[in-house]
Amino acid sequence: MKNIVCSILMLLCMQYGYTQVGIGTTTPDNSSILDIESNSQGVLLPRLTTAQRNAIVNPANGLLFYNTDLDEFQFNTGNTATPNWIKTSRNLSIKYSNNAADTAQNINSNAAANAPIVSTLEWNDNTALYNVNVALNTITVNTTGRYRVSVNMSLITATTTARLSPEIWIEINGTQRGTYASTGYIRNNNGHRESSLHITEVFELNANDVISVAHVRTANAGTVTLRSAGSSNIYIEKI
C-alpha cells in the first residue's frame, strides 16, 4: 500500500512539473509554458547596469534584461564564454534641418565655416543623448558609442560666376574626420545653377564629442546658398 501511495505521489509531481502556469488566467495558451494576462499592468524584467551585466557569470544564450545605463533591453546572442549583448530597442536618433534664414549664408566661403543645418528640429529621440547649439551649428553626443552621421545639402547660386565648387566634410571637435563631399562644380550655364552635397559616415565617438559640418570654397569665388528652408539636413543615429 505504501508503495502504491508513493507511486501516485510521484505521478502527481511529474504531472505538476509539466503543467503550464497561468498568471491572471486559468486557461494558459497551449503553446506557452507561462501565460501572463493583465489589462492594467506589465511585466517588469530584471534591471541591471552595464557593470552588473558584465559581472554575470556564464550568461546563457538568450538571457534578457533591461540596461539602466543605456535605457534599452539587451540579450545575449553569444555563448556563456563569450557573450554578445545585442539591444532590442530601436536606435536613438536626431534630425535637424535648415530654416529660411539659413539660406543667407554663403556655402562657397573662402574660409571654412560650420554649415547652418541645425535650426529646425525634425525629431530628437533622447534629449539626454544629443545637445544642439544652434548658434554654433554643432551637435554634442553625451554617451560614448558608435554613431552614423548623414548630411544632405541642396545648393543653388544666383551669381553669374561659373564653375563654383563648394566642399563639405564632417568635423569631430573641430577636426576633419572621414570623407569629403564636393559638387564637382556649378557651371551656371543654361540653367545649371543647382547642385547638392551628401556624406554618410560612421564614427566611434566619446561622451561630449562635438559634431559639425564644415564648408569651404575650392574653386571660383561667388555666392552659393542652401536652396530653401528644409532642403538641407543632418541625421545622427546611435547604432
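The values are calculated or read from the model by the stated rules, or taken from the named source; none is laboratory data. Nothing here was measured: the structure is a model prediction, and the numbers come from that model. Backbone-built Cβ (ideal geometry, glycine too); neighbour counts: all protein chains shown. Quick note on the areas: whole protein, heavy atoms, side chains included, nothing else; ligands and nucleic acids left out. Shrake-Rupley method; radii C 1.70, N 1.55, O 1.52, S 1.80 Å.
Numerical summary
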quantity: Any hit, segment 149-168, residues being among the small types (Gly, Ala, Ser) and within 22 Å of the chain's Cα centre (by Cα); calculated: yes
quantity: Boolean, residue 205 is open to solvent by 40 Å² or more (accessible area, probe 1.4 Å), out of contact with any Asp or Glu (no Cβ under 7 Å at 6 or more places or on another chain), touching a residue at least 12 places away in the same chain (Cβ under 8 Å) and not small (Gly, Ala, Ser); calculated: no
quantity: Residue check for residue 179: without any contact (Cβ under 8 Å) to a residue 40 or more places away in the chain and surrounded by fewer than 18 Cβ atoms within 10 Å (Cβ to Cβ); calculated: yes
quantity: Count - residues of segment 155-168 that are open to solvent by less than 30 Å² (accessible area, probe 1.4 Å) and within 25 Å of residue 203 (Cβ to Cβ); calculated: 3
quantity: Any pair with Cβ under 6 angstrom, 6 or more apart, that starts in segment 103-125 at a residue that is under 14 Å from residue 212 (Cβ atoms) and ends at one that is assigned to a loop (DSSP other than H, G, I, E, B) and hydroxyl-bearing (Ser, Thr, Tyr); calculated: 117/232
quantity: Some residue of segment 81-91 being in contact (Cβ under 8 Å) with a residue 60 or more places away in the chain and surrounded by 12 or more Cβ atoms within 10 Å (Cβ to Cβ); calculated: yes
quantity: Criterion violated by residue 115 - all others in (1) under 21 Å from residue 201 (Cα atoms); (2) under 19 Å from the mean Cα position of the chain (by Cα) satisfied; calculated: (2)
quantity: Evaluation of residue 152 against (1) closer than 24 Å to residue 91 by Cβ; (2) assigned to a loop (DSSP other than H, G, I, E, B) (one fails), failing number; calculated: (2)
quantity: Qualifying position, being surrounded by fewer than 19 Cβ atoms within 10 Å (Cβ to Cβ) and out of contact with any Ser or Thr (no Cβ under 7 Å at 6 or more places or on another chain), among 146, 193; calculated: 146
quantity: Breaking point among (1) surrounded by 13 or more Cβ atoms within 10 Å (Cβ to Cβ); (2) free of Cβ contacts under 8 Å to residues at least 12 places away in the same chain; (3) not in a strand (DSSP E or B), for residue 135; calculated: (1)
quantity: Residue in segment 170-192 that is touching a Gly at 6+ places or on another chain (Cβ under 7 Å) and not charged (D, E, K, R) present; calculated: yes
